[in-house]
Amino acid sequence: MTKIASIEPLLARVGKRNQLLVRVETEDGIVGWGESGLSSREDAVTATINHFASFLIGQDSRRIGRIWQEVYRSQYFEGGRVFTAALSAIDIALYDILGKRLQVPVYQLLGGRQRDKVPSFGCATADDFDDMRRDIKRLTELGWDCVRISPGYFNGDGIFEPRKSIARSAEMLLELRSEFGRELVLGIDYHHRLSVAEAASFCAMLQPETLDFLEEPIRCETPEAYATLRGMTQIPFAVGEEFASKWQAAPYIEQGLTQYMRLDICNIGGFTEAMKVAGWCERHYIDLMPHNPLGPICTAATAHLGVAVPNWSWVETRQAPTEDLGFHDPELFPTQIELDGPFYVVPDTPGLGVEVNEELIRSRTASHVEPPHLVRPDGSVTNW
């Protein structure tokens, strides 16, 4: 009765984005939920989930580690973000099922609680500097001690000029540090839009105590580029939200190329792979700072991970009162992990602790979402 009876991807519009959920049911009727993290490319992941279902149905849902290995290794061209985004959702759902079967929260399957609550960082995303300052003031008054700014960096016309952007961002950060003091942990997400030279110039514009972490300044495909940048600045890096396996994370851990691991549990391979990366990071004194821009399933999975590992800093939250994205719609998810001030509090509910209104979510038709296609002033394509 523990065998997998069905695996169904459900793509729905939730707030300002689509969410790709996976519903896994066993022969004895236990339902588990997972979520995929490859935003705006969900159709590709959906097709992959359906392919995996063709050989996973009928397998023992309790053999999570073996299922992970079979999914990852059962084709010649193993790995890749589409595959691991699909695998992540299935893996999370299987942990949800096992927790419900054993009547324990998922974190107990990971070794039990190591902390009572999971700290988060808040996001200030306003383009207007006065609005950003007000958002940060509001967050700090509500208890957040870590804030990341993520201004748009480009005009509404989709043109990104890096030199103007880094000059403006450096000026903002210097003013923010002066206003909010040294106790506030202050970071910036550059969304891999810079080159090594541009990132180095940006860091040089800042006083030594200005920035506590620089997130994703350049793309992650070439660790050697990060090694070069690492030699040009002392600012800690936060890298890893694009990683699709422990192998991709390896050089960043082993060579000290990130000081905060930004893994995304819905992309890297679910709990099975995230726990391996977390242990590897612990060996190198790297704390996790997970990427979490999705919905309640991702948030719950990340919070269970945060409860169970020793090396933790903050998790990204998109539920702070400075943002209104609609990703955690209570009508669609009537039970979910709650945010208490800046902390996620993980209950002792069996499984992930999230309930899904299936009828309603099936009625929320997904619509095409395409990220901005940015260009430089000369018309050449640059990174989103």
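The values are calculated or read from the model by the stated rules, or taken from the named source; none is laboratory data. Keep in mind that this is a model prediction, so the values were computed, not measured. As a convention, Cβ positions derive from the backbone with ideal geometry for all residues, glycine included, and neighbour counts pool all protein chains shown. Accessible surface is based on the protein model in full, side chains and every heavy atom, while ligands, DNA and RNA are left aside. Shrake-Rupley method; radii C 1.70, N 1.55, O 1.52, S 1.80 Å.
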Please list, by residue number, every one of the trypsin sites (Lys or Arg not before Pro) in segment 160-216 that is coil in DSSP and has at most 12 other beta-carbon atoms within 10 Å.
Arg182
Can you work out the Karplus-derived ³J(HN,Hα) for every residue in segment 233-250? Use 6.51 cos²θ - 1.76 cosθ + 1.60 with θ = phi - 60°, whole Hz, and x for glycine or proline.
7, 9, 5, x, 9, 10, 9, x, 5, 8, 5, 10, 5, 5, 5, 5, 6, 3
Amide H of Glu338 versus every other amide H placed in the peptide plane: which residues, excluding those fewer than 5 positions away on the same chain, fall under 5 Å?
Val345
Shape of segment 310-361, Cα gyration tensor, a/c cut at 1.5:
oblate
GNM on the chain, Cα springs under 10 Å; top mean-square fluctuation among Thr258, Thr222, Thr140 goes to Thr222
Mark the label point 7 Å from the Cα of Ile57 along Cα→Cβ and return the residues of segment 1-39 whose backbone N is within less than 17 Å of it.
1-10, 22-32
In segment 147-289, with Lys and Arg counted as +1 and Asp and Glu as -1 at Cβ, which of these residues, Leu214, Ala278, Gln255, has the Cα nearest the positive end of the dipole, that is, farthest along it?
Gln255
Estimated FRET transfer efficiency (Met205, Lys16; beta-carbon r; R0 41 Å; 0.05):
0.80
Expressed as an acute angle from 0 to 90° and rounded to the nearest 10, what is the orientation of the C-alpha long axis of helix 270-283 relative to the principal long axis of the chain?
50 degrees
Check Phe333: other-chain or 5+ apart residues with amide H under 5 Å from its amide H, H built from backbone geometry?
Asn357
Using 0.36 nm times the number of residues separating Phe129 and Ser40, minus their current alpha carbon distance, what extension gain do you get?
29.2 nm
Using only the heavy atoms of the protein chains and a 1.4 Å probe, how would His51, His191, His368 rank by accessible area, largest first?
His368, His51, His191
Dipole of the chain, positive direction: furthest Cα of Ile136, Gly80, Ser201, with charges on the beta-carbon:
Gly80
Between Ala47, Ala249, Ala320, where does the largest GNM mean-square fluctuation fall for the chain, given springs only between Cα atoms within less than 10 Å?
Ala47
Per-residue ellipticity at 222 nm for the chain, helices alone: DSSP H runs ≥ 4 residues times -39500 (n - 2.57), over residue total, nearest 500 deg cm²/dmol?
-11500 deg cm²/dmol
Residue separation between Arg73 and Thr335 times 0.36 nm, minus their alpha-carbon distance, gives in nm 90.8 nm
Considering only protein heavy atoms, what is the solvent-accessible area of Val196 at a probe of 1.4 Å, reported in Å² to the nearest 10?
40 Å²
Cross-link candidates for Lys164: which aspartates and glutamates have Cα within less than 18 Å, leaving aside residues fewer than 8 places away along the same chain?
Asp127, Asp128, Glu175, Asp189, Glu198, Asp378
Which trypsin sites (Lys or Arg not before Pro) in segment 70-156 pass both tests, a DSSP loop state and at most 16 other beta-carbon atoms within 10 Å?
Arg113, Arg115, Lys117
Apply the Karplus curve 6.51 cos²θ - 1.76 cosθ + 1.60, θ = phi - 60°, to the phi angles in segment 7-15 and return the couplings in whole Hz, x for Gly and Pro.
9, 10, x, 10, 9, 9, 7, 10, x
Where nothing but the Cβ of Lys and Arg (+1) and of Asp and Glu (-1) is charged, how large is the charge dipole of the chain around its Cα centre, in debye to the nearest 20?
720 debye
The FRET efficiency for Ala5 and Arg376, from their Cβ-Cβ distance with R0 = 51 Å and rounded to 0.05, is 0.50
Between 0 and 90 degrees, rounded to the nearest ten: what's the tilt of helix 64-73 against the longest Cα principal axis of the chain?
70 degrees
Selection of GluC sites (Glu not before Pro), segment 214-259, meeting DSSP coil and at most 13 other Cβ within 10 Å:
Glu221
For segment 67-225: rounded, prolate or oblate by the Cα gyration tensor [a/c cutoff 1.5]
oblate
What ³J(HN,Hα) values, in whole Hz, does the Karplus curve 6.51 cos²θ - 1.76 cosθ + 1.60 give for segment 43-58 when θ = phi - 60°, with x put for Gly and Pro?
4, 5, 5, 4, 4, 5, 4, 4, 5, 4, 4, 4, 10, 8, 4, x
Only four residue types carry charge here, +1 at the Cβ of Lys and Arg and -1 at the Cβ of Asp and Glu. Report the dipole size of segment 92-224 about the Cα centre in Debye, rounded to the nearest 20.
620 debye
Tell me the angle of helix 162-180 to the major Cα principal axis of the chain, expressed in degrees between 0 and 90 and rounded to the nearest ten.
90 degrees
What does the C-alpha gyration tensor say about the overall shape of segment 1-105? Classify as rounded when a/c is under 1.5, otherwise prolate if a/b is larger than b/c, or oblate.
oblate
Please list the non-local residues whose amide H lies under 5 Å from the amide H of Ser6, H modeled 1.01 Å from N, same-chain partners needing a gap of 5 or more.
Glu25
Charges at C-beta only: +1 for Lys and Arg, -1 for Asp and Glu. How large is the resulting dipole of segment 1-60 about its Cα centre, in Debye rounded to 20?
380 debye
Looking only at Ile49, Ile265, Ile361, which one moves most when the chain is put into a Gaussian network model with springs between Cα atoms under 10 Å?
Ile361
I want to verify the translational diffusion coefficient of the chain in µm²/s; compute it with Stokes-Einstein, Rh as the Kirkwood radius over Cα pairs, at 25 °C and 0.890 mPa s.
115 µm²/s
